[in-house]
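Right, one structure below, let's go through it.
We did not get these values from a lab; they are worked out from the coordinates using the rules stated. Predicted, not measured: the structure shown is a model, and the values here were computed from it. Methodologically, a virtual Cβ is constructed for each residue, glycine included, from the backbone with ideal geometry; neighbour enumeration extends over all protein chains shown.
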Amino acid sequence: MEKLSALYASALFELALERSAIDDFLDQAIAIRDTLSSDECLRVLMHPHVSAAQKHDLFAKAFSGHIHDDLLGFLFLISGKNRERFLIPALTALIDLIERHNKKVTAKVLSAVTYDEKQITALESILSVKTRKSVDVSLKVDPSVIGGPHIYVDGCYLDWTVKKRIRDLTVHMKEGCSV
């Protein structure tokens with residue numbers, strides 16, 4: 001599934017470059033992905049009794065005149081070939097390609113608490129220096145995370161939680177005690 005999604009994303013990226021519409025494609029791909037990612041939309045798109053023509057009409061009504069014709073054509077192609085399961089992964093891959101092209105990445109942060117704007121700005125600044133790219137933070141709050149965040153940015157995973165530190169300390173103590 002990843003290969004076909006990557007092929008679709010690559011083709012759309014090349015079209016965006018060709019048309020000098022990188023920023024438009026980025027904004028519109030995010031909007032399409034976020035709109036179609038809801039459980040209700042996915043149920044309709046994946047439902048075997050909803051025909052390709054009905055999906056085509058749905059895309060036309062929802063997006064025609066609001067998105068680039070190439071992106072609309074991609075939606076029509078996906079529904080026409082009954083490949084809706086590749087839609088969200090392909091759009092996500094396209095967004096990643098464009099952000100890498102723009103030297104911009106999104107840091108996915110999982111924390112027990114909500115960060116205020118000042119903390120998010122500080123984290124974006126620190127991560128921007130480390131990655132040498134512009135960083136946007138996407139924060140998800142999970143109360144089960146204890147004492148620090150999980151951060152995934154630009155292919156790197158950082159675990160600064162208390163649980164991880166205790167696990168590392170336990171391993172270190174076991175190694176030290178076995179000598």
With unit charges on the beta carbons (Lys and Arg positive, Asp and Glu negative) and the dipole taken about the Cα centre of the chain, which residue among ILE32, SER111, LEU7 sits farthest to the positive side? SER111
Dipole magnitude of segment 1-123 about its Cα centre (Cβ charges: Lys, Arg +1; Asp, Glu -1), debye to nearest 20: 340 debye
So for segment 55-110, what percent of the C-alpha to C-alpha distances run longer than 13 Å? 67 percent
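Could you grab the Rg to Rh ratio for segment 103-177? Cα atoms only, Kirkwood for Rh.
Working: Rg = 14.2 Å, Rh = 13.3 Å.
That ratio is 1.07, to two decimals.
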Sort all Cα-Cα distances of the chain into consecutive 5 angstrom bins from zero, then give the percent of pairs in each bin up to the one containing the longest distance. 1, 7, 13, 15, 14, 13, 11, 10, 6, 4, 2, 1, 1, 0, 0
Filter the cross-link list LYS3/LYS108; LYS61/LYS81; LYS55/LYS108; LYS104/LYS164 down to pairs whose alpha-carbon distance in this structure exceeds 30 Å. LYS55/LYS108
Using the per-residue mean of other Cβ atoms lying within 10 Å as a proxy for protection, in what order, highest first, do the peptides 34-42, 22-30 fall? 22-30, 34-42
Can you order the peptides 93-102, 165-174 by their average number of other Cβ atoms within 10 Å per residue, highest first? 93-102, 165-174
